[in-house]
Amino acid sequence: GLSIGVVSPYKAQVDAIKSRLGEKYDTCDGFHVRVKSTDGFQGEEDDIIILSTVRSNGRGVVGFLADNRRTNVALTRARHCLWIVGNAHTLYKSGTEWTELVADAERRKCVFSATNDATICKLVLQVKQELDELDDLLNADSAVFSNTRWKVILSDEFRKSFTKLKSPQLRKEVLQKLIRLGDGWRTTVKNLDIPGVSHLAKVYKVWNLYLVWSTDVEKTEGRYFQIIRVWDLLSQQNVARTVQRLENLFSMYTDDYLDHCRRVQTQGKLEVPMVWHIEHDIIRYNKDYKVVAHEEHDVVDTSYAMENSKVSESFLLMKFYSLSSGMAKHLLTATDGSEIDIPFELTDEEQIIIQFPLTSFILGRSGTGKTTVLTMKLIQKEQQSLIASQGLHLDGDDLSGLDHKNIMPLKDGRESFVKQVFITVSPKLCSAIKNHISGLKRFGTGDVSDQSSILHMHDIMDDLEEFTEIPDNFCDLPHEHYPLTITYRKFLMMLDGTCRTSFFDAFYGEMKTSFERGHSRSHAVQTFIELKEVTYEKFATFYWPRFNADLTKKFAASTVFTEIISHIKGAYQTSRPYVGKLGREDYVMLSDKRFSSLNNEKRDRIYDIFLEYESMKCTAKEFDLSDFVNSLHSSLVSEGYHGDMVDFVYIDEVQDLTMTQIALLKYVCMNIKEGFLFAGDTAQTIARGIDFRFEDIRSLFYTAFLAETEASNQGLKHGKKVHLSDMFQLSQNFRTHCGILRMAQSIMSLLYFFFPSSVDKLNPETGLVYGEAPVLLESDNDENAIMTIFGESKTTHGNLRGFGAEQVILVRDDAAKKQIIDLVGKQALVLTIVECKGLEFQV
């Protein structure tokens, strides 16, 4: 006969297993099953042993099995076959004999995931539901979420509605309904009787609420497949309006698209998603749709829009989240519906860019998703690295866009991590991105604690406050600092701290002893540096009036400052990259090479102003940012770079940098072919002194990055060159409505016509939501516009009426900002145009 022994190190589990088995196998001939503890099996054996390791956690704590003697007994009781049931990740992380045992099983392909077995998955779900232990399912390797037949995506409106539910039992019921939908269950009960609907929108009752969902089609990896799109969870009186709005949306779909959504395939009593290999594109929207404006009962001109609704309520602009263990945890634990950092579903266009394996350039106007692409690609790399270093399934969820084909194999059990740097110029944008990335990382590791996304920016004034914990060098930077999200100025300070000699040594004087090189500088030292730096404001206020009036005649200070910073001192010369400035002849010749309103005579005068400026600056012992950058180039060429090499660099708002500033990145990252992602928009070049074109950065990348790398790396085969992608352009705007987009495009048209060299010409942005043109409010001479809009009275809580966490007052400059803050205090967020770049607000 065949004897089977079930072994557990804990008596309580032994008793639990015995009670479940009962006397089921006591009368079986030739088949004997017994259940004992590890100690109880000492000196005995069976043909087959099933060993339970019990413990499951992320810390690698294995309890009794950390005792090698108990482990020895447990592993040596089988005559023919040993099955170990447990959490492989916990065992591997334990640092005991189990680490090598699991690694060996991995190498022999003898580690099997229960989630890959449909029968076991169903059994786990059935038992958990019987025991009302739904919460226990909400872990990363839950059979429920990794083995569902359907992909289920949840709208942000559903998320908000769900988090308002007070009853824990109701939350669980709704979540169970979603799980059952994903498994293929469909109700036989008729939908609510709503006249005039196509029944593509389904309405399922859960207690006294109604779940509104529909079948949709998604494209990925060369296939189209059906998915479930959950729109909202509503009371009965709100269902009809939402379904009618959905019907209006579905009326825009092509017949081909609707046909694919409506097709049904069954397996027994369950409905399973249909899958099609791509033979032709399934077009979602008709080209000749008309949208009915319900308020006025007339047809709105929608030649440029698809939906007539508030941006905040738009189905077309709504974020969707994939139902996963992490999302389920959030739904069960969330206390309110505020924004959180959860990876949302990306468009096909965004997915293509994220999965593109080489260095790439992304152009797009404000609100087209550039920063989303950068952050999601960074998070994808983080998760790939973590899976590779751990070698096993992680605690946490796969994030959107993760391509498991790119995961590197386990390297002899040694942990490694990817070093990624995200750089942008604005401290406020940098702070927002840093918090967002941190939230996405926490979600990826299973932490779904409430994360407020309200931007606390009143006190984020400079880099010093935001980056004091990060050393001013790249040498042996601790693991916890990565991914490193920093401003470009902090990047320069870190490069300076990595060099043997500091650029600032010549300026410190008595201040030199007040800081330790490589550490984050004190407030006093930082302030001293800022006093010595020539910004545009200092250039215009103190230098410009002192220049020869014959030279400055008919020039604007901003024009001359831009020519000095971006071209004379900021241009990257391939033949002489580290001279630090263009010679007069080379600069004057730019009028022949670049479309410009500056002829030879004007450039000659600007060069004379430049020479005067350099002389005055030297006498005052001051510097500008270009001096700092060119000094770093010189030091890094002569001394070499001795800091940590970075694997991937992401640059947002790249148009705020000069070519020589961008060229510094090549010293810290040698992964030229794959390691860079540049994103920006020349229409948003509002940093003083910067004149930027994307064609310049692409040329720079081939000449300064690739060419120099190929010259020093003889590993490339004869004549074989690295070819990068064409630039990606994002044109779908997800932030605002068509009224604002049309006004913005009219301004861009004027710029194209009058200043053709100032911006890159892109395809017009497309908007999905109808909206009116912005309102211009003019005030009388004695009237304050801010107080006219929001009222002078304050609420009992001291808040300015009409202001919320996602609203902002934008002003031209710091002087206007100070005036407004004097009026509203900290009751409202006030930002300059420069400060708000890359950020997003409702109003």
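Computed quantities for the displayed model
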quantity: Relative contact order computed over the range 536-622 (Cα-Cα under 8 Å; 6+ residues apart), in percent; calculated: 33 percent
quantity: Percentage relative contact order, the range 148-289, counting C-alpha pairs under 8 Å, at least six apart; calculated: 27 percent
quantity: Cβ-based exposure ranking for Arg79, Arg442, in which fewest neighbours within 10 Å come first; calculated: Arg79, Arg442
quantity: Lys pairs under 27 Å by Cα in the range 2-112, provided they are eight or more residues apart or on distinct chains; calculated: 7
quantity: Whole-Å semi-axes of the range 2-112's equivalent ellipsoid (Cα gyration tensor); calculated: 25, 15, 13
quantity: Convex hull (Cα only) mean projected area of the range 148-289, reported in nm² to one decimal; calculated: 9.4 nm²
quantity: Taking Arg159, Arg55 and counting other C-beta atoms within 10 Å, the order from fewest to most; calculated: Arg55, Arg159
quantity: Förster-model FRET efficiency, 22 Å R0, Leu531 and Ser634, C-beta, rounded to 0.05; calculated: 0.35
quantity: Exposure proxy ranking, count of Cβ atoms within 10 Å, fewest first, for Trp544, Trp231; calculated: Trp544, Trp231
quantity: Distant alpha-carbon pairs in the range 536-622 (separation over 16 angstrom), percent; calculated: 52 percent
quantity: Cross-link table Lys177/Lys428; Lys370/Lys490; Lys381/Lys532, entries beyond 30 Å C-alpha to C-alpha; calculated: Lys177/Lys428; Lys381/Lys532
quantity: Cβ-defined net charge surrounding Gly43, 12 Å radius [Lys, Arg +1; Asp, Glu -1]; calculated: -1
quantity: GluC sites (Glu not before Pro) restricted to the range 39-126 and DSSP loop, no more than 14 other C-beta within 10 Å; calculated: Glu44, Glu45
quantity: Ordering of 733-746, 556-569 by burial proxy (mean other Cβ atoms within 10 Å per residue, highest first); calculated: 556-569, 733-746
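Any read-out appearing in this document is the output of simple, stated calculations on the displayed coordinates, not a laboratory observation. Only a predicted model underlies this, so the values are computations on that prediction, with no experimental measurement involved. Every residue, glycine as well, gets a Cβ built from its backbone with ideal geometry; the counts of neighbours run over all protein chains shown.
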